[in-house]
Amino acid sequence: MRTGVFGGTFNPVHNGHIHLARTYFDALRLDRMLVIPTCLPPHKPGEQLADGADRLAMCRLAFDGLPGFEASDIELRRGQKSYTVDTLEQLAKEYPDDGFYLIMGSDMFLTLTGWREWRRICELAVICAGARDTALRGRLADCKRSLEAQGARCELVELNPLPISSTLVRGRAREKKPLGGLVPPKVAAYIDSHGLYQTL
């Protein structure tokens, strides 16, 4: 089975995340996409982070009804700082017959060799990224060639991302403004009913 690994803080998950996940799902011909909220992200200290249970619940609501998509608590269960290599090692044990496709942003792709145990990450998964703007495409292609020369398997995907960010959603929630068009209706209702992001 071709399994995508789409991790992030999802603080909160929004329509841009869903659009990206569906783009990768189709472009990579995946059978399944695991959407994985991080527990304690090593790259984003100090961010106003909603409880893991809330972020997982919102991911489940956001991807509910989309065939092949599954929100996973694999990093939240670990209950500590989330490193990609640890998650992939665990997934390889749980799904030994799957081929994994690790989805990442262009900035992460360009700095992959600085990650913890990056060579092991490349052994465990195909590394997948896409350019958010045309200016980045050449840099990504150069990085892909460099990584593949060191034994990595890489896939670059054409992206047309939506101009939405979790920061924008949190700001509107804090100001008690409508979230229509930014997050799915069920996620908007969850944020409202649980009073998320309404304090600094």
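The values are calculated or read from the model by the stated rules, or taken from the named source; none is laboratory data. No experiment lies behind these values; they were computed from the predicted model shown. Positions of Cβ are generated from backbone atoms using ideal geometry, with glycine treated the same way; all protein chains shown enter the neighbour counts. Side chains are part of the model used for accessible areas, which takes the heavy atoms of the whole protein and leaves out ligands, DNA and RNA. Shrake-Rupley method; radii C 1.70, N 1.55, O 1.52, S 1.80 Å.
Please determine whether any residue of segment 84-100 is in a loop (DSSP other than H, G, I, E, B) and either of a type in the set (Ser, Thr, Tyr) or closer than 22 Å to Leu40 by Cβ (or both). Write out each step before concluding.
In the first step, residues of segment 84-100 are kept if they are in a loop (DSSP other than H, G, I, E, B); the result is 95-98.
Keeping just the survivors that are either of a type in the set (Ser, Thr, Tyr) or closer than 22 Å to Leu40 by Cβ (or both) gives 95.
Checked against the condition, which is being in a loop (DSSP other than H, G, I, E, B) and either of a type in the set (Ser, Thr, Tyr) or closer than 22 Å to Leu40 by Cβ (or both), segment 84-100 yields at least one hit.
Inspect segment 45-55 for any residue being under 15 Å from the mean Cα position of the chain (by Cα), surrounded by fewer than 21 Cβ atoms within 10 Å (Cβ to Cβ), part of a strand (DSSP E or B) and not polar (S, T, N, Q) and give the result as yes or no. Steps first, answer last, please.
At the first step, the residues of segment 45-55 found to be under 15 Å from the mean Cα position of the chain (by Cα) are 52, 55.
Okay, now just the ones that are also surrounded by fewer than 21 Cβ atoms within 10 Å (Cβ to Cβ), so 52.
Still in the running and part of a strand (DSSP E or B): none.
Within segment 45-55, none of the residues are under 15 Å from the mean Cα position of the chain (by Cα), surrounded by fewer than 21 Cβ atoms within 10 Å (Cβ to Cβ), part of a strand (DSSP E or B) and not polar (S, T, N, Q).
I need the full set of residues from segment 165-200 which are assigned to a loop (DSSP other than H, G, I, E, B) and either surrounded by 14 or more Cβ atoms within 10 Å (Cβ to Cβ) or touching a Lys or Arg at 6+ places or on another chain (Cβ under 6 Å) (or both), in order please. Steps first, please.
Taking segment 165-200 as the starting set, the residues that turn out to be assigned to a loop (DSSP other than H, G, I, E, B) are 165, 175-184, 194-200.
Hits for segment 165-200 are Leu179, Leu182, Val183, Pro184, His194, Leu196, Tyr197, Gln198.
Within segment 114-143, can you find the residues that are surrounded by fewer than 19 Cβ atoms within 10 Å (Cβ to Cβ) and outside any helix (DSSP H, G or I)?
Trp115, Arg116, Glu117, Val126, Arg132, Asp133
Quick one: how many residues across segment 87-125 are aliphatic (A, V, I, L, M), without any contact (Cβ under 8 Å) to a residue 60 or more places away in the chain and farther than 23 Å from Gly16 by Cβ?
Residues meeting the conditions: 3.
Could you check segment 1-23 and list, in sequence order, the residues that are surrounded by fewer than 22 Cβ atoms within 10 Å (Cβ to Cβ) and either among the basic types (Lys, Arg) or farther than 21 Å from Val169 by Cβ (or both)?
Listed by number, the residues that qualify are Met1, Arg2, Thr3, Arg22.
Among the residues of segment 61-79, is any at pLDDT 95 or above, among the aliphatic types (A, V, I, L, M) and under 26 Å from Arg137 (Cβ atoms)?
No.
Select from segment 58-73 the residues that are touching a helix residue (DSSP H, G or I) at 6+ places or on another chain (Cβ under 6 Å) and of a type outside the set (D, E, K, R) and write down the one among them that is nearest to Thr38 (Cα to Cα). Even if it seems obvious, please write down each step before you answer.
Going residue by residue through segment 58-73, those that are touching a helix residue (DSSP H, G or I) at 6+ places or on another chain (Cβ under 6 Å) are 58, 61-62, 69, 71, 73.
Remaining after also requiring of a type outside the set (D, E, K, R): 58, 61-62, 69, 71.
Numbers: Met58: 13, Leu61: 17, Ala62: 16, Phe69: 17, Ala71: 11 Å.
So, considering only residues that are touching a helix residue (DSSP H, G or I) at 6+ places or on another chain (Cβ under 6 Å) and of a type outside the set (D, E, K, R), the one nearest to Thr38 (Cα to Cα) is Ala71.
Check Leu110, Leu66 and return the single one that is open to solvent by 20 Å² or more (accessible area, probe 1.4 Å), touching a Lys or Arg at 6+ places or on another chain (Cβ under 7 Å) and not polar (S, T, N, Q). Walk me through it before giving the result.
Details: Leu66 fails: touching a Lys or Arg at 6+ places or on another chain (Cβ under 7 Å).
Just one listed residue meets the conditions, Leu110.
Using the structure shown, decide if Gly151 is open to solvent by 10 Å² or more (accessible area, probe 1.4 Å), under 22 Å from Ala21 (Cα atoms) and free of Cβ contacts under 8 Å to residues at least 60 places away in the same chain.
Answer is no for this residue.
Just one of the numbered conditions (1) touching a Phe, Trp or Tyr at 6+ places or on another chain (Cβ under 8 Å); (2) not in a strand (DSSP E or B) is not true of Pro161; which one?
Among (1) touching a Phe, Trp or Tyr at 6+ places or on another chain (Cβ under 8 Å); (2) not in a strand (DSSP E or B), Pro161 violates only (1).
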